[in-house]
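Before any comments, here is the structure.
The values are calculated or read from the model by the stated rules, or taken from the named source; none is laboratory data. Just so we're clear, the structure is a prediction, and the values are computed from it rather than from any experiment. Here Cβ is always computed from backbone atoms with ideal geometry, including for glycine, and neighbour counts include all displayed protein chains. Only protein heavy atoms, including side chains, enter the accessible area calculation; ligands, DNA and RNA are left aside. Shrake-Rupley method; radii C 1.70, N 1.55, O 1.52, S 1.80 Å.
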Amino acid sequence: MQWPHQLQGKFLVFDGPDGSGKSTQFSRFAEFCRSSGLKVCEVREPGGTHIGEQIRKVLLDPANTEMSLRCEMMLYMASRAQLIEQLIRPALGRRELVLADRFISSTLAYQGTAGGMSPEEILAVGRVAVGSIWPHLTVLFDVPEDVSEQRMTARHSSTASAGGDRMERKGREYHARVRQGFLAQAQARLLGEYLVMNASPAAEVVFDRLQVELKRIFSAV
């Protein structure tokens, strides 16, 4: 049996700062698992459901400058709660691999470390939002701020979204705190098991290393 089948019924989160390359790795890994015959449920945050996508528009609209930090955090959690009930819980019940592009780890980094909310408050609301459904593993793609900034600039120059969405426009110091928030929660294991990947090399190199690490982790379970 190929090792990806050891991921049946597991919930994995891919997360990291903007420009870390996590979404590229997410897509590659989902395709890799499907090519191995594994059923995969892909979800993204915020969004992933009809209600969640409407919340996403509100959260990322650059015009919503007056949004308070608590409102921001609770909107992310509301989208997450809908995602759990509508997609994630049923998929796990069918023994599918659930891959999430962001989860509570993002809230802890963006609204927590970078925004100023305590992890205790965020986790308290998180327990209400997700109930018993927590990731088996959170994979963090880590890059220095200058690398992420270069990647974001290149991405926006090739699209119509010059300047980025509301969260991407928060500035260099904010995003530096976001990175530190991700690394701190991984060290403290706030959500359980973490895997921190150096995402600075080329995407192909990162993906090869990702497969090696995930095989090591889940073959030992």
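Count of the stretch 187-221 residues, restricted to those that are within 15 Å of residue 13 (Cα to Cα) and among the acidic types (Asp, Glu), is 2. Within the stretch 207-220, is there a residue that is of a type in the set (Ser, Thr, Tyr) and part of a helix (DSSP H, G or I)? Yes, there is a match, as at least one residue in the stretch 207-220 is of a type in the set (Ser, Thr, Tyr) and part of a helix (DSSP H, G or I). Summed over the stretch 128-157, residues that are free of Cβ contacts under 8 Å to residues at least 24 places away in the same chain, among the charged types (D, E, K, R) and closer than 29 Å to residue 219 by Cα total 0.
In the stretch 166-179, the residues that are open to solvent by 80 Å² or more (accessible area, probe 1.4 Å) form Cβ pairs under 6 Å with partners that are at pLDDT 90 or above, at six or more places apart or across chains, as follows: 177/113; 177/114.
With the condition being surrounded by fewer than 21 Cβ atoms within 10 Å (Cβ to Cβ) and at positive phi, I'd like the helices (runs of 4 or more DSSP H) fully within the stretch 1-83 carrying at least 3 qualifying residues. It would help to see each step written out before you state the result.
On the way: elements: 22-35, 50-60, 69-83.
Hits in the stretch 1-83: none.
For the stretch 180-192, which positions are in contact (Cβ under 8 Å) with a residue 40 or more places away in the chain and out of contact with any helix residue (DSSP H, G or I) (no Cβ under 8 Å at 6 or more places or on another chain)? 183, 186, 192 - these are the residues of the stretch 180-192 that are in contact (Cβ under 8 Å) with a residue 40 or more places away in the chain and out of contact with any helix residue (DSSP H, G or I) (no Cβ under 8 Å at 6 or more places or on another chain). Checking 54, 25, 6, 2 one by one, the residue that is touching a residue at least 24 places away in the same chain (Cβ under 8 Å), of a type in the set (S, T, N, Q) and closer than 29 Å to residue 114 by Cα is 25 and no other. For residues in the stretch 91-119 being in a helix (DSSP H, G or I) and free of Cβ contacts under 8 Å to residues at least 60 places away in the same chain, which is surrounded by the fewest Cβ atoms within 10 Å (Cβ to Cβ)? Filtering first and then ranking leaves 93.
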